[in-house]
1. Just add up the charged neighbours of V164: K/R +1, D/E -1, any other residue whose Cβ is under 14 Å from the Cβ of V164.
2. Starting from the Cα gyration tensor of the chain, multiply each eigenvalue by 5, take the square root, and state the resulting semi-axes largest first in whole Å.
3. Any idea what angle helix 6-16 forms with the longest principal axis of the chain, computed on alpha-carbon atoms, 0 to 90 degrees, nearest 10?
4. Could you work out the helix-only [θ] at 222 nm for the chain, with each DSSP H run of four or more residues adding -39,500 (n - 2.57) and the total divided by the number of residues, to the nearest 500 deg cm²/dmol?
5. Between E25 and F73, what FRET efficiency comes out of the Förster formula 1/(1 + (r/R0)^6) with R0 = 30 Å and r the beta carbon distance, rounded to 0.05?
6. In whole angstrom, how far apart do the alpha carbon centroids of the range 20-40 and the range 118-184 sit?
7. For the chain, what relative contact order do you get, as a whole percent, if you take Cα pairs closer than 8 Å and at least 6 residues apart?
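Values in this text are rule-based calculations from the coordinates and carry no lab data. This is a predicted model, so every value here is computed, not measured. No Cβ is skipped: glycine too gets one built from the backbone with ideal geometry, and neighbour counts run over all protein chains shown.
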Amino acid sequence: MGLKPDHWIRKMALEHGMIEPFVDEQVRQGVISYGVSSYGYDIRVANEFKIFTNVFSATVDPKNFDEKSMVDFVGDVCIVPPNSFALARTVEYFRVPRKVLTLCIGKSTYARCGIIVNVTPFEPEWEGYVTLEISNTTPLPAKIYANEGLAQVLFFEADEECEVSYADKKGKYQKQQSIVLPKL
């Protein structure tokens, strides 16, 4: 399994619809960078957020997540409360090929501010908008800028196809169109 370079990412995005919309350069002027990079793709966060709140003193339970723990927000700048988190979705829609596994990691610009994006894989044949978890590890409110770079996706291609893909097992987060809360 090997890390894939920019020309492979361009080919897969343009010929096979792996990333839509696809930005064929790394946009940087006046924004947190996004678009194709040397060995990955810097994804943008859309302007839709779900911000965690503890107003109802709920217990966070991945098997029975209380939707009242989240406040919906739409805007160009999302303020994540201190020591809290928000969920967001990508601007980009992904179609991961069967021989590919991706790894989504946070960008250093945000990490240097104490804002962490959860590391997550996109499995072979997973498709959809990515739901991202953004943690504010600081004791201060933190700004997240919509339609700018938030994380980087690295692409790894296997020597052979997997036996069972995410689509084959009918994964619960397949073809998500919006921010999706935890499911069992």
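1. Result for the local shell: -2.
2. Sorted largest first and rounded, they come to 28, 21, 13 Å.
3. Helix 6-16 sits at roughly 90 degrees to that axis.
4. -2000 deg cm²/dmol
5. E between F73 and E25, to the nearest 0.05, is 0.50.
6. Taking the Cα centre of the range 118-184 as reference, the centre of the range 20-40 is 18 Å away.
7. Once divided by the residue count of the chain, the mean separation gives 28 percent.
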